[in-house]
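Heads up, the thing below is written out as structure tokens.
The values are calculated or read from the model by the stated rules, or taken from the named source; none is laboratory data. In this text the structure is predicted, and so the values were computed from the model without any measurement. FYI the Cβ positions are ideal-geometry reconstructions off the backbone, even for glycines, and counts take in every protein chain you see.
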Amino acid sequence: MRLSKEIGITVSKRDDLSEWYTQVVTKSGLADYASVKGFMVLMPYGYSIWEKIREFLDARLKATGHSNAYFPALIPETFLKKEAEHFSGFTPEVFWVTHAGNDKLGERLAVRPTSETVIYDSYAKWIRSWRDLPLLINVWNSVLRAEIKATKPFMRTSEFLWQEGHTVHADKEDTDSEVMRILELYRQLVEDQLAIPTLVGLKTEREKFVGALYTTTLEAIMPDGKALQMGTSHNLGQNFSKAFDIKYLGKDEQTHHAWNASWGVSWRLIGALVMMHGDDRGLVIPPRIAPIQAVVIPIPYKEEGANVIGQAKLTTQKLQQAGINATLDDREQYTPGWKFNEWEMKGIPLRIEIGPRDISRQQVTVVRRDTFERSTIPAATLVEEIRKVLESIQSSMFERAHRALKEAIREARTYDELKRTIDNEGGFVRACWCSDTVCEGKIKDETGATIRVVPLKDEKLFAVCVGCGKPANKVVYFARAY
């Protein structure tokens, strides 16, 4: 289905999700393609959404004792080799700096693909005693990985913004607590702010972060039936502390290797938001994460125009003073209808219209972006009612997405059922598994599906292993993924 207005989205989300996604990202002003292949430009509107994500996480991380820091973007090759020697050849694709001006460097420098090595080198110098623990540091930065082929804005690019937390603890118990604390914080961000429901659990030994004791994850399902990892939190055990000699003198006057946790989310969350909530008119943004929650549009008519615009300004100011992110669109060069389409494309949760009739009736007209439902609100109770509508939009968007998640979970008792479901329907496939990595690898090789989540609490077995037919000991969730 082709939609009529070239200035808007020209392809249906249902017919061609990939093209629809690209059009929404670029036409709504979230991002643009850069001149360097594999890179993208994060435009002001897209960055404002990232700022909302950052503000939410930053405040809560600081409230739990975490501090922000910054570490160099260039990492000596010897650091990565040290990491690879200890963790089964973990060698991320990196961009290398080989020259300083015209002078060749004595050692190649990697442009930060992730920060474990450079951060833990510093930690080894900073930590001496149990009094220095726990060390709770978060970093906001960008990382570069050579994703030149098949790039997709926000989802797969050679550079991306993220936050990565790296903490140091005295023992496993404290590290476990940190891992779960951050996992819950991520769940609050993704579900309560972005209105995207997830499955929360563990990665398998095969799928966990290389070098970790275990990895926890949040997994969402996108409209095309593919899973998307929304965030991870890892217990790294003592592996990295032994590689980088992070030791402390304990209360027992003995020297111990420390324990590490790491965790992170990236601007991939914005891509998930686009895919999950957008429609054929553009973005649909949940109010709690929206940089602009309401746009006020005056609809002047002849001699009453000045009065309408004046009332629209007062309405905007009233909302702003009440803490609602509202903006006034009083541009004279565009018609109200043109403005409606533009703000719908940008996904602003609520449109407030004010015309001569609204003024005479002491009301405003509001239109919800999620349902396009139109209603009127008395001017006397404006702030209270707008807050109610915004909360209704937030909850409705989550409920709609949650229904879609439940519908996307199907059970498979046999291997044929698993393959048929993965091929024809997608989504999460709930199945029983024997915990054998060889069996897991066979399923991945033959179906393209991986175990996305092992539930934190064991679920009741209902069949033999879906892969090999042997007795199962875990219920897990398979899916193809981005």
Failed condition for Gly106, given (1) touching a residue at least 24 places away in the same chain (Cβ under 8 Å); (2) more than 30 Å from Lys172 (Cβ to Cβ); (3) among the small types (Gly, Ala, Ser): (1)
Checking Arg156 against (1) buried (at least 20 other Cβ atoms within 10 Å of the Cβ); (2) at pLDDT below 95, only one condition comes out false. Which one? (1)
Quick check on my filter: what residues within segment 424-449 are touching a Leu at 6+ places or on another chain (Cβ under 9 Å) and touching a residue at least 40 places away in the same chain (Cβ under 8 Å)? Gly427, Phe428, Val429, Ala431, Cys432
Might you let me know whether segment 86-94 holds any residue that is part of a loop (DSSP other than H, G, I, E, B) and at positive phi? yes
From Val143, Val200, Val179, which residue is free of Cβ contacts under 8 Å to residues at least 40 places away in the same chain and either crowded, with 16+ Cβ neighbours inside 10 Å or farther than 22 Å from Tyr248 by Cβ (or both)? Val143
Verdict on Leu390 being touching a helix residue (DSSP H, G or I) at 6+ places or on another chain (Cβ under 6 Å), hydrophobic (A, V, I, L, M, F, W, C), at pLDDT 95 or above and not in a loop (DSSP other than H, G, I, E, B): yes
Restricting to segment 95-146, what's the tally of residues that are part of a helix (DSSP H, G or I) and either out of contact with any Gly (no Cβ under 6 Å at 6 or more places or on another chain) or among the acidic types (Asp, Glu) (or both)? 13
Here is a list: Ser375, Ser435. Which entry is on the phi > 0 side of the Ramachandran plot and either part of a helix (DSSP H, G or I) or polar (S, T, N, Q) (or both)? Ser435
Within segment 427-464, residues being farther than 22 Å from Thr232 by Cβ and either aromatic (Phe, Trp, Tyr) or surrounded by fewer than 22 Cβ atoms within 10 Å (Cβ to Cβ) (or both) number 13
